[in-house]
Amino acid sequence: MAPVPISPIKVGHIDDVQELRKSGPATIPERFVRDMTERPTLDTAPPSTNTVPVIDFSRLVKGNKEEHKSEMLELTRACEEWGFFQVINHGIDLGLLKSIEKVAKDFFMLPLGEKQKHQMLPGTVQGYGQAFVFSEDQKLDWCNMLALGLEPHFIRVPELWPTEPLKFSETVEIYSGEVRKLCQHLLQYIAMTLNLRADFFEEMFGVAVQAIRMNYYPPCARPDLVLGLSPHSDGSALTVLQQGKGSPGGLQILKDSKWVPVQPVPDAFVINIGDTLEVLTNGKYKSVEHRAVTDREKDRLSIVTFYAPSYETELGPIPELVDENNPCKYRTYNHGEYSKHYVTSKLQGKKTLEFAKVESKIATS
């Protein structure tokens, strides 16, 4: 989200993957080649029946009593068992989804020199390039990204916002406003699944922090050797993912110790629970480790929105969700403090969440 001032970091030479693709190397540079234990297994089998739940948003908002009840039960199951779900009939104009994809793709197709005018500095998470790189020997993701802070306005870095393509900023503003409203509504229903007031999270979050990240994954000659995005959980409360139309599937989630591909549903958003909601629900709803893989022939575009509490918010398990059968698993902390910890840490599964866990202690009573 907002850049964090830290000491100078040496990240070594980072190849731009689109430029690598243009030169068509038969050999993948060593910094992109994953250790054997990290390499993806590229599944060519038919789609699994073990699929991420799909929530019909219109049934939550406008459905009759039975439809609403049924969809709420499915939302509860999705949050408890998966931490991921896809939302259809979300009410956001499909033309707007098409427009944000176009300006994102057009940006990534600009000459490298143009994109580098908005370069992400080492140790920060806004701008163009690769985030979460902190050493010269760290393995790199087969991905180019453009990340921008949106709300509140003080987290924005205006010089990192592209002026090309035309209408880029205007489209991002409109799109982000619509996604913000979707997040607010989804959190109302999630609160209700926990027997909390519908406005519980809105009141707690204050002026919510929001950021957008556009990811472009060029085709890769050896998708079996690389990762598009390293395994991680999100530090947000909710994350909203739009997968580019016509893009191959690439998102995988860790379910029952296996990597499960998420099959894109046309015009749907993929929603996932972030670390913040795991803490607030005392682990009832868990953030889930996920990653992206690449394709040999096709490029992939994704647009991701992160929605989280104000940096001033004090976070910890909601008292109503703590009892003798569910003791407190996480400490109380400042969200800004956690955000700083998250953006200055390497993507490494759910390791960043250890920041919030209550240390194991032998009972004395």
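The values are calculated or read from the model by the stated rules, or taken from the named source; none is laboratory data. Please read all numbers here as calculations on a predicted model, not as lab measurements. So basically every Cβ, Gly included, is an ideal-geometry build from the backbone, and we count neighbours across all protein chains shown. Areas reflect the complete protein model, heavy atoms only, side chains present, ligands, DNA and RNA absent. Shrake-Rupley method; radii C 1.70, N 1.55, O 1.52, S 1.80 Å.
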Next item on the list: Amide H neighbours of Lys255 under 5 Å, at least 5 residues apart or on other chains, H built in the peptide plane: list them.
Entry: Val260
Next item on the list: For segment 256-365, calculate the relative contact order in percent as a whole number, restricting contacts to Cα pairs under 8 Å that are 6 or more residues apart.
Entry: 24
Checklist line | Computed label-point distance, nm, for sites Lys69 and Gln119 using a 7 Å Cα→Cβ extension | finding: 6.1
Notebook entry, point to check: Which one of Leu140, Ile155, Met192 is farthest out on the positive end of the charge dipole of segment 94-193, using unit charges on Cβ (Lys, Arg +1; Asp, Glu -1) and the Cα centre as origin?
Noted result: Met192
Item checked: Inter-part distance where segment 289-340 and segment 121-135 are each reduced to a Cα centre, Å -> 20
Next item on the list: Evaluate the relative contact order of the chain (contact order divided by residue number), counting alpha-carbon pairs under 8 angstrom at least 6 apart; express in whole percent.
Entry: 21
Item checked: Max mean-square fluctuation residue, GNM over the chain, Cα-Cα springs under 10 Å, options Gln130, Gln348, Gln252 -> Gln348
Next item on the list: Just name one of Asn282, Ser302, Gln116: the one whose Cα is farthest towards the positive end of the charge dipole of the chain (beta-carbon charges, Lys/Arg +1, Asp/Glu -1).
Entry: Gln116
Margin query: Using protein chains only and a probe of 1.4 angstrom, how many square angstrom of Ile14 are accessible, to the nearest 10?
Written below: 60
Margin query: Suppose every Lys and Arg Cβ carries +1 and every Asp and Glu Cβ carries -1, with no other charges. What dipole size does the chain come out with about its Cα centre, to the nearest 20 debye?
Written below: 520
Next item on the list: First check a/c for segment 165-226, with a ≥ b ≥ c the square roots of the eigenvalues of its C-alpha gyration tensor; if it is under 1.5, answer rounded, and if not, answer prolate when a/b is larger than b/c or oblate otherwise.
Entry: oblate
Notebook entry, point to check: Residues of the chain: accessible area per residue at 1.4 Å, in Å²?
Noted result: 46
Notebook entry, point to check: Label points 7 Å out from Cα along the Cβ direction at Glu164 and Arg77: separation in nm?
Noted result: 5.1
Margin query: With a 1.4 Å probe and all protein chains left in place, how much of the accessible area of the chain comes from carbon and sulfur atoms, in whole percent?
Written below: 52
Checklist line | Long pairs among Lys181/Lys340; Lys105/Lys245; Lys245/Lys298; Lys329/Lys351; Lys181/Lys284, criterion Cα-Cα beyond 18 Å | finding: Lys181/Lys340; Lys181/Lys284
